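A short write-up of the structure that comes next.
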Amino acid sequence: MSEKRTGAQILCESLIQNGVDTMFGIPGGAIMPFYHAMWEYRTDLRHILCRHEQGAGHAAEGYARSTGRIGVCIGTSGPGTTNLVTPIADAWMDSTPLLAICGQVSSAVLGKDAFQETDITGITMPITKHNYLVKNINDIAYVVKEAIHIATTGRYGPVLVDITKDALQATAVPDYSKKIFLPGYRPTITGSKKQIKAALSLMLKSKKPILMIGNGVMMSDASAEVRVFAERYKIPVITTLHGLGAFPEDHELSLGMPGMHGWVHANRAIQEADFLMNIGGRFDDRVTGKASTFAPNARIVHVDIDPSEIGKNIEVEIPIVGDARIVALSMLEEEPEEKLVAEFHKNAAEWLTYIRELQTKHQHKQQYLNRPDTSTMLPHDVFAALTKQINTRGNYRVVTDVGQHQMWAAQLLDWYKPRTHITSGGAGTMGFAVPAAMGVAVAHPEDTVWAIAGDGGFQMTNQEMIVIIQENIKNMKIAIINNGFLGMVRQWQELFEGKRYSGTPLTSPNFQKLAEAYGWTGITVESVDQIDAAIERAYAIDGPVLIDFRVEREVNVFPMVPQNKSIGEMITE
Amino acid sequence: MKIHTLVVLVQDHPGVLNRAVSMFRRRGYNIASLVVGHTETPGVSRMTIVVESDNVEQVVKQLYRLVEVLKISDVTEDPVVDREMVLVKLHVTGQHRAEIVALTEVFTAKIVDVATNTMVIEMTGGPAKVDNFIDVIRPFGIKEMMRTGRITMVRGAKGHSGAELIDQAAE
């Protein structure tokens, strides 16, 4: 350890010591010393060369979201790092542990508008949990340690480390022993016992309770504990977009997704509930609709690891700051009076029966499939076939893009297991699916990873398909829900803007041929009767397959809550 | 909107002021005054931030999200010593000189520069007293003026030193 190393070697060793084994990136001038050093460490530190830094960033996000571990992306100074801004913003919104390593021009020319110089720490300040500009080789080792610690503790998030070229090139004897010292950063993990007791006693007084679970349950791997809690008290469970899979949808207590494209019965249950406990969700406006009208009768408990989320969008009666899993475990330790629990069970059962009646009245999931005329192919036909085959075969992960297909996937596929549904929620980043699925496929070679995208989002990042070939990744499939429109915008134009289809009709290349040009197998599906065979073929081929589902063009996602309306006011057709 | 005074102790790292100010800007909070300076503890800086907000709790929580923020105290309701300094350059003609000197004494201000046609006065006091002084002096003709913004300290034993916070964290 007393031997001198270059800054770049120290960077590699620090990454390995802090548990990194895979990185997605693109080299360039300022970051070249890192790539030079990486070669020595290539058996421990796999580098996957992407085609655009945005792809590298989303791939790292997919890797992180599907594993819970840090995802690492790399870009060189200037455009290399500005291209990382979108995935960093995406990771910020969805609390994804991401480490962005950026090359920076040498410290001697910093601030002088040098070639490929961009103030990336300035640019990313509002969209990172923290960021660093490292100019001294002696700071590299502990900054990496600190950055990964910050990204993967408390409320997860992106951290950017910008390192000047001269710091990477300098040599010094590394000191890996320096301890993390962050006096201003001490996340609260354990929920207040007093608040937990108060929350439970409030819950037991209610007759129409709802448990809503979100991203925090996924991120803290709290699914099992939350399930035990829900089952013990028999509370109906609503899963937000990022909570999908954290509670099995075939469970008798599962109500599915709420919000703008959530189920009528789930939204109505929220509006009628007299108690709502939100664990690890942040009351996003896509969940609440018009915030002042959300859950008007409910007394609300909010469990979140980030105190700033509490009271931000929705006022709550009992806040509990802490990690979802630790708080769930503490709630399970409580032993309320049996009599109270029995009474609560009785009421909750009546409440659930009532919600199920609502659900029967507003059953959307199957109504399209039972239509008499199937001469046109609806997206619903594709999703019905996909969910059947995906679930039958098991070992799957699904990554969706942003738009109509994303909502259909959330609604129509069945979600059973945590970290099987990965999407861009808060930022709504089109172009997320293909590169993020690549990251998931790298992290989970045992699973079949489906990227589901629209024809619009697919074309924003499809260049990453060639990386799948270069890296010999076999376990990824792409399904394009191709309707020739930027579909969600078109839907809003149809419903709210008199069908003025401004900027939404979309011409696409022949995706099958495009896939073949990339060395993938391409399949085109144009009618309902071809769907099953296409998916079966995709599974039969040991390698990447793209299916272009050319669905009916003007189909809407329903139910829908118009923007800034109460979730009680849903359009159902 | 209510006016709040926040005393914020931060690690003295490059960019920490930028992070704090950037957070106020992007969340749409309105800064009335912000002063930052060194404290008794090397490596710890102190900000006095005067902010207009109906939800100061949320402002505080968002500030706490910054990794380098050690401690925030909302001292709006506390008994405090509030001080601000102002430098005023006046156009002075001979006939007013004596009157200005007298006013300066009343406000316990100091004349720190005298030239043929100008005079620079330094005055320190609570924000209201500074306002009052400026109102009184304005008719003589202000050429330039600069206020420092407010620095605040709670009276009595209450309050935090940077060293105490760093030690607590190290435990």
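The values are calculated or read from the model by the stated rules, or taken from the named source; none is laboratory data. Bear in mind the structure is a predicted one, so any value in this text is a computation, not a measurement. Reconstructed Cβ throughout: ideal geometry from the backbone, glycine too, with neighbour counts over all protein chains shown.
Observations on the model:
- Some residue of the stretch A:211-229 being farther than 20 Å from A:R282 by Cβ, in a loop (DSSP other than H, G, I, E, B), in contact with an Asp or Glu (Cβ under 8 Å, 6 or more places away or on another chain) and of a type outside the set (A, V, I, L, M, F, W, C): no
- The residues of the stretch A:93-144 that are in a loop (DSSP other than H, G, I, E, B) and of a type in the set (A, V, I, L, M), listed by number, are A:V105, A:L110, A:A114.
- Only one of the numbered conditions (1) within 18 Å of A:A409 (Cβ to Cβ); (2) in the same structural domain as A:N472 (by TED's automatic domain parsing) is not met by A:S508, and that is (1).
- Taken over the stretch A:361-393, the criterion of being modelled with pLDDT of 90 or more and more than 21 Å from A:M407 (Cα to Cα) is satisfied by A:T392, A:R393.
- Screening A:K178 against (1) of a type outside the set (S, T, Y); (2) surrounded by 23 or more Cβ atoms within 10 Å (Cβ to Cβ); (3) at pLDDT below 95 leaves a single unmet condition, (2).
- Residue within the stretch A:185-192 that is at pLDDT 95 or above, outside the structural domain of A:D274 (by TED's automatic domain parsing), buried (at least 17 other Cβ atoms within 10 Å of the Cβ) and over 14 Å from A:E333 (Cα atoms) present: yes
- All told, B:V50 falls short of being within 13 Å of another protein chain (Cβ to nearest Cβ) and buried (at least 18 other Cβ atoms within 10 Å of the Cβ).
- From the options B:V44, B:V59, residue that is within 14 Å of chain A (Cβ to nearest Cβ) and modelled with pLDDT under 95: B:V59
- Conditions (1) buried (at least 20 other Cβ atoms within 10 Å of the Cβ); (2) in contact with a strand residue (DSSP E or B) (Cβ under 7 Å, 6 or more places away or on another chain); (3) farther than 22 Å from A:M218 by Cα; (4) within 12 Å of another protein chain (Cβ to nearest Cβ); number of the one not met by A:K135: (1)
- Here B:G28 meets the list (1) in contact with a Ser or Thr (Cβ under 9 Å, 6 or more places away or on another chain); (2) free of Cβ contacts under 8 Å to residues at least 24 places away in the same chain almost entirely, failing just condition (1).
- Selection of strands (runs of 3 or more DSSP E) fully inside the stretch B:64-171 by the criterion of at least 2 residues being within 14 Å of chain A (Cβ to nearest Cβ) and modelled with pLDDT of 95 or more returns B:69-74.
- Only strands (runs of 3 or more DSSP E) whose full extent lies in the stretch A:472-551 are considered here, and the ones with at least 1 residues that are at negative phi and of a type in the set (K, R) are A:476-482, A:545-550.
- Residues that are surrounded by fewer than 20 Cβ atoms within 10 Å (Cβ to Cβ) and more than 12 Å from chain A (Cβ to nearest Cβ), drawn from the stretch B:5-28: B:G28
- Flag for A:I120 being within 14 Å of chain B (Cβ to nearest Cβ), at pLDDT below 95 and closer than 26 Å to B:A20 by Cβ: no
- Test result for A:M430, in a loop (DSSP other than H, G, I, E, B), among the hydrophobic types (A, V, I, L, M, F, W, C) and modelled with pLDDT of 95 or more: yes
- Taking the stretch B:79-107 as the range and being of a type outside the set (A, V, I, L, M) and either over 27 Å from the mean Cα position of the chain (by Cα) or within 19 Å of B:G149 (Cα to Cα) (or both) as the test, the residues that pass are B:P79, B:D82, B:R83, B:E84, B:K89, B:T93, B:G94, B:Q95, B:H96, B:R97, B:E99, B:F107.
- Qualifying residue in the stretch B:31-42 (condition: surrounded by fewer than 18 Cβ atoms within 10 Å (Cβ to Cβ), within 20 Å of B:A169 (Cβ to Cβ) and under 17 Å from the mean Cα position of the chain (by Cα)): yes
- In the stretch A:311-323, the residues that are more than 11 Å from chain B (Cβ to nearest Cβ) form Cβ pairs under 6 Å with partners that are in a strand (DSSP E or B) and buried (at least 16 other Cβ atoms within 10 Å of the Cβ), at six or more places apart or across chains, as follows: A:V316/A:I300; A:V316/A:H302; A:E317/A:R299; A:E317/A:I300; A:I318/A:V301; A:I320/A:V303.
- Members of the stretch A:324-357 that are within 20 Å of A:V264 (Cβ to Cβ), surrounded by 18 or more Cβ atoms within 10 Å (Cβ to Cβ) and within 31 Å of the chain's Cα centre (by Cα): A:L352, A:I355
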